[in-house]
Amino acid sequence: MSNKIVVGYDGSESAHATLDFAVGLAKAQGASIVVAHVLEWSPYSFLTPNELEERHKRRGEELDRAEKAILGPVMKKLENSGVPVTKALRYGGIADTLCDIVKAEGASQVVVGRTGNSGLSSRIFGSVAGSLAQISPVPVTIVP
Amino acid sequence: MNRTLKAAAIAAPAVLAATAPALAQSIDQKVNEIFANSTGWFVNLIFSPFPGTSFPWIVAWLVIAATIFTLYFGFIQFRAFPHSISLVKGDYSDPDDAGEVSHFQALATALSGTVGLGNIAGVAVAVGIGGPGATFWMILAGLMGMASKFTECTLGVKYRNEYEDGTVSGGPMYYMTKGFTERGLPAGKFMAVLFSIFCILGALGGGNMFQANQAHAQITNVVGDFPGWITGIVFAAIVFAVIIGGLKSIASVTEKVVPFMGVLYVLTALVILLMNANMIGWAFGQIFAGAFTGLGVAGGMVGALIQGFKRAAFSNEAGVGSAAIAHSAVRTKEPITEGFVSLLEPFIDTVVICTMTALVIIITGQLVSDPATGLYLLDEGGATIQTIDGNKGVALTSAAFSSSFGWFKYVLAIAVILFAFSTMISWSYYGLKAWTFLFGEGHTKEIVFKVIFCIFVVIGASANLGPVIDFSDAAIFAMAVVNIVALYFLMPIVKGELDSYLSRLKSGEIRKFE
């Protein structure tokens with residue numbers, strides 16, 4: 001099994017900390033890193049006719065923005081970290097899609113941060129880290 | 001808007017209504033009079049009967065078309081039904097296309113344009129005039145209409161325009177121009193122009209005035225009578241804010257609440273039916289007996305049939321061409337898949353939701369019949385069936401649901417307003433597509449249409465149900481006249497797509513994604 005670590009990354013403060021942790025892990029284990037960014041999306045959501053018409057265009061813009069504002073800078077930053085880095089950019093439910101990326105990459109573990117939401121909102125909406133821990137096929141590290 | 005202004009805005013119409021009821025009512029009357037006079041000829045043209053009969057040619061036109069499509073595609077609505085469900089579930093969608101418009105989304109958006117007052121008020125009109133028997137013909141029309149919808153939506157996706165910036169435009173005007181050129185047929189452009197004109201009228205009629213009219217009826221039913229133009233202005237202001245002001249939040253909230261309301265509506269209807277489970281057999285008896293004898297309604301069996309077919313077509317819009325506009329944005333390599341998905345639309349709209357409404361009206365005993373003969377009694381005018389409290393249209397549905405759950409009329413009022421609103425938003429889009437097809441795209445041109453659209457909201461809320469429903473039907477059916485002619489000429493193309501797709505599905509070339 002290849003030694004790959006998938007890191008869930010959304011550009012936030014805590015995502016940076018998560019990434020730093022993962023880089024340390026990868027160095028120690030001689031692993032490579034896949035920086036994964038997931039754009040929240042459900043094929044079962046409801047859109048207006050206007051949104052339907054523009055969806056393809058918007059999708060292009062969203063991918064472009066994610067590439068430039070989120071993945072681009074982080075790839076640049078990791079260039080000289082001494083760890084081999086690749087990226088993955090996908091649409092979908094965040095936890096499910098991270099699992100898909102893990103499978104597609106043949107990764108051996110996955111590292112995510114947590115947003116720090118507790119209480120009511122995560123009771124209603126669930127938390128990405130929590131659901132990932134439930135469904136992931138490989139060990140999950142949750143960085144606080 | 002600050003609070004004082006808001007309060008003033010709410011108070012002003014109320015004060016006006018209280019101080020000058022006579023004036024207010026006369027505005028409504030005036031609007032109604034002008035409207036009825038100026039649209040009468042168009043209505044008469046569309047609904048003129050076959051010579052020597054009372055059977056409108058337009059109804060025959062729709063029925064014959066649906067029958068031809070059903071036979072030509074070998075009962076595709078039944079054969080492809082399970083495959084349609086798989087497509088909507090996303091079993092055949094490429095995961096790499098995530099983030100694009102899914103089959104589910106295209107279907108949901110098209111449905112929120114069609115599920116609306118047709119299902120609540122339209123059915124009440126059908127049953128109120130045609131009796132329970134109208135339900136039978138309505139269901140039949142819904143089942144047959146699935147084939148019409150399949151044909152037009154396949155073509156809508158196949159001949160859509162995809163622009164460089166990634167946006168898409170589709171609909172009958174595009175398959176008329178491009179499809180006719182491809183087949184070497186003349187007059188494609190002419191038909192597209194004609195269709196666009198009727199589409200604009202349909203958007204202003206069924207997609208707008210009928211909605212405003214029945215929303216107002218529903219509001220007065222709950223809060224008491226007041227002049228329609230007040231509702232009209234409030235509605236117009238909100239529509240204005242969304243389609244001109246670009247207030248997307250209102251539209252997207254509606255878009256999310258409407259499906260929920262639809263489900264709530266069907267569930268409530270089911271509960272009422274279960275509470276009266278012993279009557280369901282009797283109700284179906286009434287429906288079948290009424291379908292072939294009329295049970296005393298005006299026009300007898302033919303009267304029931306005309307009402308059933310008319311209201312079904314008005315509700316599910318199969319063959320009208322509007323759905324082809326909504327469905328054309330889906331991301332798929334196979335246009336035919338959107339045809340499969342779209343055939344679920346008349347099923348959900350008419351066979352499920354409309355039937356629920358009709359059953360609830362029948363089972364709760366809203367229609368007055370003569371206990372001795374079992375025939376329904378007619379009103380003084382001799383056109384409509386007597387109802388317990390003299391209700392018609394949406395008020396009849398409301399009374400039927402409220403007889404089991406008193407509070408439901410409030411829920412229904414909210415549902416009606418939301419349905420009306422989402423249908424208006426959808427139709428403002430269909431109308432705009434036709435408008436820009438005729439006049440070209442451009443900010444000012446689009447604003448002109450949108451302002452006209454808002455003005456018609458006010459007219460629709462002010463006028464009486466009769467003239468509004470006549471004009472709405474006439475405009476929507478006029479679209480079907482042009483659209484169905486195009487479908488006849490283009491259906492071999494759909495057949496080619498269908499055969500190719502089915503053989504690849506069978507050979508395993510097209511298969512589910514894991």
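With the cut-off at 45 Å, report for the protein assembly as shown the share of all Cα pairs above it, as a whole percent.
27 percent
With only alpha-carbon atoms counted, please give the Rg and Dmax of chain B, in Å.
22.4, 75
For the range B:170-177, take each phi angle, set θ = phi - 60°, evaluate the Karplus expression 6.51 cos²θ - 1.76 cosθ + 1.60, and give the result in whole Hz per residue in order, putting x for glycine and proline.
Computed from phi, the couplings for the range B:170-177 are x, x, x, 5, 7, 6, 5, 6 Hz.
Apply the Karplus curve 6.51 cos²θ - 1.76 cosθ + 1.60, θ = phi - 60°, to the phi angles in the range B:486-502 and return the couplings in whole Hz, x for Gly and Pro.
Here the 3J(HN,Hα) series is 4, 5, 4, 6, 9, 5, x, 5, 5, 4, x, 4, 5, 4, 4, 5, 5 Hz.
For the range B:392-439, what is Rg from Cα atoms divided by 2.2 N^0.38 Å, rounded to two decimals?
Relative to the rule-of-thumb radius for its length, the range B:392-439 sits at 1.67.
Once both axes come from the Cα atoms, what is the angle between helix A:94-105 and the longest principal axis of chain A, in degrees from 0 to 90, rounded to 10?
Around 50 degrees separate the two axes.
Go through B:Lys189/B:Lys310; B:Lys89/B:Lys433; B:Lys89/B:Lys333; A:Lys77/A:Lys103; B:Lys158/B:Lys189; B:Lys149/B:Lys495 and tell me which ones have a Cα-Cα distance over 22 Å in this structure.
B:Lys189/B:Lys310; B:Lys89/B:Lys433; A:Lys77/A:Lys103
Which semi-axes, in whole Å and largest first, does the equivalent ellipsoid of the range B:358-514 have when worked out from the alpha carbon gyration tensor as the square roots of 5 times its eigenvalues?
Each semi-axis is the square root of five times an eigenvalue, giving 39, 28, 19 Å.
Using alpha carbon centroids, what distance separates the range B:76-151 and the range A:46-62, in Å?
About 23 Å separates the Cα centre of the range B:76-151 from the one of the range A:46-62.
Could you derive backbone 3J(HN,Hα) for the range B:256-268 from the dihedral phi with the Karplus parameters 6.51, -1.76 and 1.60 (θ = phi - 60°), listing whole Hz in sequence and x where the residue is Gly or Pro?
Listing the rounded values in order: 8, 7, 4, x, 4, 4, x, 5, 4, 4, 5, 5, 4 Hz.
Between Rg and the Kirkwood Rh of the range B:423-505, both from Cα atoms, what is the Rg to Rh ratio?
Ratio of gyration radius to Kirkwood radius: 1.14.
Where does the range B:254-388 land on the Kirkwood hydrodynamic radius, alpha-carbon pairs, in angstrom?
By the Kirkwood definition, the hydrodynamic radius is 17.3 Å.
FYI, it's all coordinate maths here, none of it is from the lab. Everything numeric in this text was worked out from a predicted model, so none of it was measured.
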